[in-house]
1. Distance from a point 7 Å along Cα→Cβ of Glu596 to each backbone N in segment 522-539: keep the residues under 20 Å and list them by number.
2. Once you put a point 7 Å from the Cα of Ala423 and another 7 Å from the Cα of Thr275, both along the Cβ direction, what distance in nm separates them?
3. What is the magnitude of the charge dipole of segment 129-253 about its Cα centre, with +1 placed on the Cβ of each Lys and Arg, -1 on the Cβ of each Asp and Glu, and no other charges, expressed in debye to the nearest 20?
4. Using Cβ contacts closer than 10 Å as the measure, can you line up Ile184, Ile646 from fewest to most?
5. Work from the charge dipole of segment 452-602 (Cβ charges, +1 for Lys and Arg, -1 for Asp and Glu, about the Cα centre) and give the residue of Val455, Ser586, Gly534 farthest towards its positive end.
6. Filter the GluC sites (Glu not before Pro) in segment 164-245 to those in DSSP coil with at most 16 other Cβ atoms within 10 Å of their Cβ, and list the result.
7. Given H placed 1.01 Å from N in the peptide plane, which residues other than close sequence neighbours of Asp245 have an amide H under 5 Å from its amide H?
8. Over 28 Å between C-alpha atoms is what I'm after, so list which of Lys139/Lys257; Lys128/Lys257; Lys257/Lys668; Lys257/Lys671; Lys139/Lys674 land there.
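Please treat every number below as a calculation from the coordinates, not as lab data. Given the structure is predicted, the values throughout are model-derived calculations rather than measurements. A quick note on method: Cβ atoms are made from the backbone with ideal geometry, for glycine too, and the neighbour counts reach across all protein chains shown.
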Amino acid sequence: MPSDKKPPSRKAGAVRRSAATRTDSAALAPHIDRDIDGLNAAELAEAIRFHNWRYFIDDDPVIPDAVYDRLVRRLQLVDAGAPILAQVGAAADVDEDQGAAGDKVDHTALMLSLDKCYDAAGLTQWEKGLGGTLVASPKVDGLACSIRYDARGRFLVAATRGDGRRGENISQNARRIPSIPTSIDVDRLGSAAAIEVRGEVYLPLSAFARVADRFSNPRNTAAGAMKSKESPGIPLEDLAFFAYDLLGCDVSTEQEKARLLADIGFTPVETEPCTVDAAQAVCDRIAAARGSFDYELDGVVFKIDDVATQVRLGATAHHPRWAIAYKFQGDSDVSAVEEVEWSLSRTGTITPVAIVEPVQLSGASVTRATLHNLSNFLRLGLHRGDLLRLTRRGGVIPHVEANHGGGDDAFAAPAICPSCGGAAVAVDGTPRKVDGRTETTTVLRCAAPDDCPAVQRGRLTHFTRALEMDGFGEKVVDALLEHHLVRDPADLFHLRPADLLPLPRMGPALAEKLVAEIQRQRRVESEVFVRALGVDGLGHHAASLLTARWSVGDLRSRTVEEIAELHSLGDLSARSIVEGLADQASLIDRLLAEIELVAPADDAPTDASPRLHGEVVVFTGTLTRMSRRDAQQLVSRHGARSGGSITAETTVLVVGGDELESARPSTKLTKARKLEETTGRPRIASEAEFFDALGLEG
C-alpha cells in the first residue's frame, strides 16, 4: 500500500495519543496474525488505535486497508457503541461487505423461542393471574432474524436466530429485501445507541404461487433463499420482512415498539391490544381469517404489553414468561396403531411410542407418534388396531390427540426393563408443562438403572462428550461395558493401559493414549462437571448459572425454592435439578474423589476487589467512560457478575448519561427504584459515582 495514498477510512484527527500509549500498543500488532473473529471488543479497539498510529503518525502501515476495514467491521458487530468507531469513516459504510454469508454472528441478547399452547386450556393456564393488557399478533411462519444498526442508523449485520445464542450471517441477502431499510433515522427513536430490530423474513403467498411448482412451501423457500451463498432460487426482492421487536432504546409498551418500528421504515407485524378475557376470541377470529392473509401463519402470539412487567417476569432458559404462541393445529388424520415401543433414556425413564400405519400429515409421512409417559399411555387405553387421531402440532411433532377405538388385544405397560430385563416400576415424575398446564405425571422407570446396560451406556457417552474426551466414541464405550471394565463414569479413573489391551483393535499405544486422556480430566471446571452428570434441566445455561452462584457442594444442598428464585430458572427446572442431583448422589461422591473442580480460567478475577465480590451489576443509559460491553467485562474481572436485566439478584444499577434526572426513566431504572423501596436493593449509582467510588478506570 503506497504511503502517500491515505484511505478515507482513517482520519488524521482520530489519533492524538501519547508516545507511552504508542509503545504499550505495539504489543497489539500480533493480533492481526490471529483470527480477527477471535478478538474481543477491547482488543479490537486497541488494534484499531495502534494501526491508526502506524498509518498517520509513523507513516509506516503494517496491514493492508482491507484488513484494517475487517477490524472495524468486526468491532461494529461485537460492540457497535465503541467510541473508536466514531473516529473512523468508510470502513463502516453500509456499502461494505459485512462479513461472509454463513459466518457465525453472536447475538447481543438471547433470541429465545416462545412457549407454546395448542388449546384454550393451555392459553388459560398461561393467562392465569396476569391481568392487564395483552397484545396479539399473527405468528408469521418464516425465518426469524435480527438486524443491527449502528448509532448513526447504518445497517451493520443481519443474522438468523440459530441456536438463540449465535446465528448465521445473512447480511448480503437481507439488504436486498425491500422492507428492510439499509439505514434508519435514529433521531426518531430518541436514541444515541446502536439498535437491533428482530422479525420474520417470509415469502408472500402471492409470490410463492409463481414458484410453487418448484418448491415445497413458502417457509422453506424463504429460509433457503436467505441462507444461499450463490443462487437463492427466487428473486430476493420477492421476500418481505415483518418486524416484531426493537432493542436498544427505552420503550414502555409493545404498542410503542410497533409505532417506533413504523416510524423508522419497517413494517411491524399487525398488533392489537386485548384483555386476558378476550384473548381466546381474538385467537379464534385470526384463525377464522387465516385464508385472507398473504402469508402463512401457524398461530397467534400473545405478549404482555407492559415492558416493565415483562422485565419482572423474566424468562426461563428457553422462553420468556411474558409471551406465548397459541399454535394452530396442524394437519390431522386417523391411523391404526400397530405396536407400542418402549425406549429407555440415560436417566432410566422408559417412554412409550406408538407405531402406526403410514399417514400423510403436513406434507410428511408419519409412522411414529409420541405417547409421552405412562400416565398418557394408560389414559388412552390403547388396543392393537385402534384408530388414533394424529396431529402434527405446529406442523412438526406427531401427537396422539385421541383414541377412537376399533381394535382388540390391549397393549400393556411392560413389567420389565426393555434393556436389562429387570423390574420396571411406576413412579411419580417431575411436574412438567403439558399443553400449557403443569401436571405431575406417572412415569415408568428401570428399577435398577445403575446396573442397566442402556442407562450405563447413555451416562458414559454423555459424560465423555461433555468433557470432550478424545478417543471415547460409542464403540470404545460399548467395548468398556461389554468387557465389564466400567459401570459408570467414576470407574474410568481406575483404568490402566493393561486393562484396555483385551479390547478389540486395541494396541499398547492407543491404550496409553486413552488412559492419558482420562488422567487429563482430573481437573474439571465446575460448570462442565455438573453438566456432564446428565441431569434433566442441567444444560449449558443452568449449569453455568448455578455454578456461578454456588460451589458443587453447596448446590447439592440447595432446595427447589432456592434454585427456582434464580433468574431464568423456575419451579419445574428447579425440581428436576434437585431430584436429579439426589438420584446421582453416590456417583457424584465417587467422581469428586477422583476429580478436582476448578473455576474457568477466563472467569477468574484478574484484579479482584472485595467490594465487587458477590455483586450483580447492571448498566443502563449511555456510558461515557467506556462502552457498556467493556464496562461489563471490567466488573467481571473485578469479581462481580454482570446482569442484563433487573432481578431480585441485582445488587447495583449503574446509570449512564442524565437518566437519573430524566422525566422518563428507563424500564431498568423504574424497576430498580421500586425494588429499592421494598427490599433495600439494588443500589442505584451514576456512572461517575460507581467507578470513582471503586477506583476503577477504563
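1. Within reach of a label on Glu596, which here means backbone N under 20 Å from a point 7 Å along Cα→Cβ, segment 522-539 contributes 522-530.
2. It is 5.6 nm.
3. Approximately 260 debye in magnitude.
4. Working: Ile184 21, Ile646 27.
Least crowded to most crowded, the residues run Ile184, Ile646.
5. Val455
6. Working: sites: Glu168, Glu196, Glu200, Glu230, Glu237; in loops: Glu230.
The qualifying sites are Glu230.
7. For Asp245, whose amide H was placed from the backbone, the distant partners under 5 Å are Arg198.
8. Details: Lys139/Lys257 17 Å; Lys128/Lys257 25 Å; Lys257/Lys668 17 Å; Lys257/Lys671 19 Å; Lys139/Lys674 34 Å.
Result: Lys139/Lys674 exceed 28 Å.
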